[in-house]
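J.: This structure is in structure tokens; I'll ask about it shortly.
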């Protein structure tokens, strides 16, 4: 089975992330780049499916040069090879344009199953899986907490507010995963050492058959018009227990809709 | 995967080793291996280690997790081992020991003593039989050299192996053997008519027992045992064919000792990071402990020694990779880095005040562990004398 895992490099959520004042896009120098956390689960699921059904796992990343760090990490977890869509003209692409660009690459390299995290920790649009499935004309199996493949049928448990739905589709398909699905493995030392030797194909817009007019900041369908720093954290509320501490806590939680 | 940024040992005002930008001395692969072990320690060792220390246990099931990462025999080539360079091996030891010296001891004894002995001195059959399972953590090995009355002077060992038909019979007692009671195999060094020879002894052989040594105040998250061999019969295939004389076991110790040069710094770094965080949060006389000059002087001196020790370790690592490392240099590294690490751990304890003596914080646990590290794999005294001999030509220890 030809499994393609889409991996996005995002700024480390543990560091302070900034947007650039010049064009309201991510200031990549402001934070270390790491693999989008949910994509680690996608990689793990891709590897498990390969281990169960055979085939190959290809990492597909769209991003600037420094995203190669994340690609190498994904390869060190055990993926076989990678395709890196890298082109300055992609800078500032929004979700709609990104789905176009990645769909072009997926058409070019071919796939039975395209796996990705259900959202990224930076833009958090969460629409990529749906947009890709639409553009590629294949089923979307979203928010999977469990996956089974039987021949050309994919069955998932799709998490919902009330539990889960059982959803079924046929390959080729796009699959998005949630963190309940597995526990991502650590890269092994052998994997780390082998990663350097694994093939990473770099594609430009032209290589991938992407129309430059349909990507990039200038033609983006959505635009960040303004942004502000998060307000500094306010001092916490101290609840003094004068016999009614429990009730006060319950009130507080209820007011915040935690209970 | 859990976000580990706010787990102990990670966050902090300044990471003491970042001051010198030592990252620049590492390759991408080395950084990646270090980061992987650090994350493993944060997620799999830190949460449980105080409990293991208190209970005096090392969880056997961690062995296979160590194995799947590639931590066991990582510096060996072939037979399921990862084959990483000396610096990567050192960094892994450092990160493990930032968790606990017991975790690093487990990996050292398995990889650098038991596995290395078989890898370096064993037959092809022995390597194929034992090493892949040991690399995977499915089989645990221990290494029996030290005896109750012979530590720094292994030449005096009393354990004997005598030929008996087509095999050997071993009698004797080994002491202070890490992993002994949980081991599947023991590499045992014994006196024969042909000098000191090494044997791979399955621990289920009749006459073999490995009682655990309890009531320790150090390395409590590690299993330490006595090995008792009472007429233990093994076949000829148990003999390590290539090792003759003490050179065999001493070559293994030199491997493990190299890992300690890095490892001890991990314990020290963890103490220092803890003390820096603690001093920032703790208020005395209405201001942070970190703002007092005495505290800053302590922190500065400790950071200084930690960084010097790391540069020394890196230098030895690169020498080892170039095949130019002299055992006397390892003595120098182990003497300095363990000695400084224990000073740092104790000094950090003073910054944490009374909190420092509890298992809520790692500092006294590390300090106590380092008492063992100071003594095992060559005592600090013997390492001093090795350096003394190198400088003067006089051997003062024999």
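J.: Mind listing whichever residues of the range A:6-27 are within 14 Å of chain B (Cβ to nearest Cβ) and not in a loop (DSSP other than H, G, I, E, B)?
T.: A:10, A:11
J.: Is the range B:369-378 home to any residue that is without any contact (Cβ under 8 Å) to a residue 12 or more places away in the chain and in a loop (DSSP other than H, G, I, E, B)?
T.: No - not one qualifying residue is present in the range B:369-378.
J.: For the range B:75-118, name all the residues that are assigned to a loop (DSSP other than H, G, I, E, B) and either buried (at least 24 other Cβ atoms within 10 Å of the Cβ) or within 12 Å of chain A (Cβ to nearest Cβ) (or both).
T.: B:75, B:76, B:77, B:78, B:80, B:81, B:82, B:83, B:84, B:85, B:100
J.: To continue, here is another question. Has the range A:80-98 got any residue that is in contact with a helix residue (DSSP H, G or I) (Cβ under 6 Å, 6 or more places away or on another chain), surrounded by 23 or more Cβ atoms within 10 Å (Cβ to Cβ) and either modelled with pLDDT under 95 or part of a helix (DSSP H, G or I) (or both)?
T.: Checked the range A:80-98: no residue is in contact with a helix residue (DSSP H, G or I) (Cβ under 6 Å, 6 or more places away or on another chain), surrounded by 23 or more Cβ atoms within 10 Å (Cβ to Cβ) and either modelled with pLDDT under 95 or part of a helix (DSSP H, G or I) (or both).
J.: Residue under question is residue B:319, and the condition is that it be over 16 Å from residue B:94 (Cβ atoms), without any contact (Cβ under 8 Å) to a residue 12 or more places away in the chain and part of a helix (DSSP H, G or I); does it hold? Reasoning before the result, please.
T.: Values: over 16 Å from residue B:94 (Cβ atoms): yes; without any contact (Cβ under 8 Å) to a residue 12 or more places away in the chain: yes; part of a helix (DSSP H, G or I): yes.
So residue B:319 passes the test.
J.: Kindly indicate which of A:152, A:145 is surrounded by fewer than 18 Cβ atoms within 10 Å (Cβ to Cβ), away from chain B (no Cβ under 14 Å) and within 28 Å of residue B:69 (Cβ to Cβ).
T.: Values: A:152 fails: within 28 Å of residue B:69 (Cβ to Cβ).
Step by step, each of A:152, A:145 is checked, and only A:145 is surrounded by fewer than 18 Cβ atoms within 10 Å (Cβ to Cβ), away from chain B (no Cβ under 14 Å) and within 28 Å of residue B:69 (Cβ to Cβ).
J.: Right, residue B:124: surrounded by fewer than 22 Cβ atoms within 10 Å (Cβ to Cβ) and within 12 Å of chain A (Cβ to nearest Cβ) or not?
T.: no
J.: Moving on to the next point. Taking the range A:56-70 on its own, how many of its residues are more than 12 Å from every other protein chain (Cβ to nearest Cβ) and touching a strand residue (DSSP E or B) at 6+ places or on another chain (Cβ under 7 Å)?
T.: Of the residues in the range A:56-70, 10 are more than 12 Å from every other protein chain (Cβ to nearest Cβ) and touching a strand residue (DSSP E or B) at 6+ places or on another chain (Cβ under 7 Å).
J.: Here is a further query. Residue by residue through the range A:29-55, note down the ones that are within 12 Å of chain B (Cβ to nearest Cβ), surrounded by fewer than 21 Cβ atoms within 10 Å (Cβ to Cβ) and touching a residue at least 60 places away in the same chain (Cβ under 8 Å).
T.: Listed by number, the list holds a single entry, A:37.
J.: Would you check if there is a residue in the range B:282-305 being surrounded by fewer than 16 Cβ atoms within 10 Å (Cβ to Cβ) and within 27 Å of residue B:218 (Cα to Cα)?
T.: yes
J.: Looking only at the range B:42-56, count every residue that is more than 11 Å from chain A (Cβ to nearest Cβ) and surrounded by 17 or more Cβ atoms within 10 Å (Cβ to Cβ) and tell me the total. Steps first, answer last, please.
T.: Looking only at the range B:42-56, we keep the residues that are more than 11 Å from chain A (Cβ to nearest Cβ), and these are B:42, B:45-56.
When the remaining residues are screened for being surrounded by 17 or more Cβ atoms within 10 Å (Cβ to Cβ), the result is B:42, B:45-46, B:49-50, B:52-53, B:56.
Summing the residues that are more than 11 Å from chain A (Cβ to nearest Cβ) and surrounded by 17 or more Cβ atoms within 10 Å (Cβ to Cβ) in the range B:42-56 gives 8.
J.: Please give the number of the condition residue A:135 fails out of (1) in contact with a strand residue (DSSP E or B) (Cβ under 8 Å, 6 or more places away or on another chain); (2) buried (at least 16 other Cβ atoms within 10 Å of the Cβ).
T.: Result: residue A:135 passes all but (1).
J.: Could you please give the count of residues in the range B:1-31 that are closer than 16 Å to residue A:184 by Cα and modelled with pLDDT of 95 or more?
T.: 0
J.: What pairs come up if the first residue lies in the range B:198-226 and is at positive phi, the second is assigned to a loop (DSSP other than H, G, I, E, B) and surrounded by 19 or more Cβ atoms within 10 Å (Cβ to Cβ), and their beta carbons are under 9 Å apart, counting only those six or more places apart or on different chains?
T.: Every condition considered, the pairs that remain are B:219/B:100; B:219/B:376.
J.: Do we have any residue at all in the range B:127-143 that's crowded, with 24+ Cβ neighbours inside 10 Å, touching a helix residue (DSSP H, G or I) at 6+ places or on another chain (Cβ under 9 Å) and closer than 19 Å to residue B:334 by Cβ?
T.: yes
J.: Has the range B:154-174 got at least one residue that is crowded, with 24+ Cβ neighbours inside 10 Å, modelled with pLDDT of 95 or more and within 19 Å of the chain's Cα centre (by Cα)? Before the answer, list the steps.
T.: Going through the range B:154-174, the residues crowded, with 24+ Cβ neighbours inside 10 Å turn out to be B:161, B:170, B:174.
Checking the rest, the ones that are also modelled with pLDDT of 95 or more come to B:161, B:170, B:174.
Right, trim to within 19 Å of the chain's Cα centre (by Cα) and you get B:174.
Yes, because at least one residue in the range B:154-174 is crowded, with 24+ Cβ neighbours inside 10 Å, modelled with pLDDT of 95 or more and within 19 Å of the chain's Cα centre (by Cα).
J.: Do we have any residue at all in the range A:42-58 that's closer than 23 Å to residue B:31 by Cα, under 18 Å from the mean Cα position of the chain (by Cα) and modelled with pLDDT of 95 or more? Break it down stepwise before answering.
T.: Step one: list which residues in the range A:42-58 are closer than 23 Å to residue B:31 by Cα, which gives A:43-44.
Filter once more, so that each one left must be under 18 Å from the mean Cα position of the chain (by Cα): A:43-44.
Filter once more, so that each one left must be modelled with pLDDT of 95 or more: A:43-44.
Yes, because at least one residue in the range A:42-58 is closer than 23 Å to residue B:31 by Cα, under 18 Å from the mean Cα position of the chain (by Cα) and modelled with pLDDT of 95 or more.
J.: Out of B:374, B:352, B:359, report the one residue that is farther than 18 Å from residue B:224 by Cα, touching a helix residue (DSSP H, G or I) at 6+ places or on another chain (Cβ under 8 Å) and surrounded by 18 or more Cβ atoms within 10 Å (Cβ to Cβ). Give the derivation first.
T.: Details: B:374 fails: farther than 18 Å from residue B:224 by Cα; B:359 fails: surrounded by 18 or more Cβ atoms within 10 Å (Cβ to Cβ).
Sole residue among the options that is farther than 18 Å from residue B:224 by Cα, touching a helix residue (DSSP H, G or I) at 6+ places or on another chain (Cβ under 8 Å) and surrounded by 18 or more Cβ atoms within 10 Å (Cβ to Cβ): B:352.
J.: In the range A:69-79, which residues are surrounded by 23 or more Cβ atoms within 10 Å (Cβ to Cβ) and either under 16 Å from residue A:220 (Cα atoms) or more than 15 Å from the chain's Cα centre (by Cα) (or both)? Explain how you work it out, then say what you get.
T.: So the first thing to find is which residues in the range A:69-79 are surrounded by 23 or more Cβ atoms within 10 Å (Cβ to Cβ), and the list is A:70-71, A:73-77, A:79.
The answer is A:75, A:76, A:77, A:79.
J.: Take the residues of the range A:173-220 that are touching a strand residue (DSSP E or B) at 6+ places or on another chain (Cβ under 7 Å) and outside any strand (DSSP E or B): which is farthest from the other protein chains (Cβ to nearest Cβ)? Give the steps one after another, and end with the answer.
T.: At the first step, the residues of the range A:173-220 found to be touching a strand residue (DSSP E or B) at 6+ places or on another chain (Cβ under 7 Å) are A:173-178, A:180-181, A:198-203, A:208.
Filter once more, so that each one left must be outside any strand (DSSP E or B): A:178, A:180-181, A:198-199, A:208.
Values: A:178: 13, A:180: 13, A:181: 12, A:198: 13, A:199: 17, A:208: 27 Å.
Within the range A:173-220, the match that is farthest from the other protein chains (Cβ to nearest Cβ) is A:208.
The values are calculated or read from the model by the stated rules, or taken from the named source; none is laboratory data. Since we're looking at a predicted model, the values are computed, not measured. Don't worry about glycine lacking a Cβ; one is built from the backbone with ideal geometry, like all the others, and counts go over all protein chains shown.
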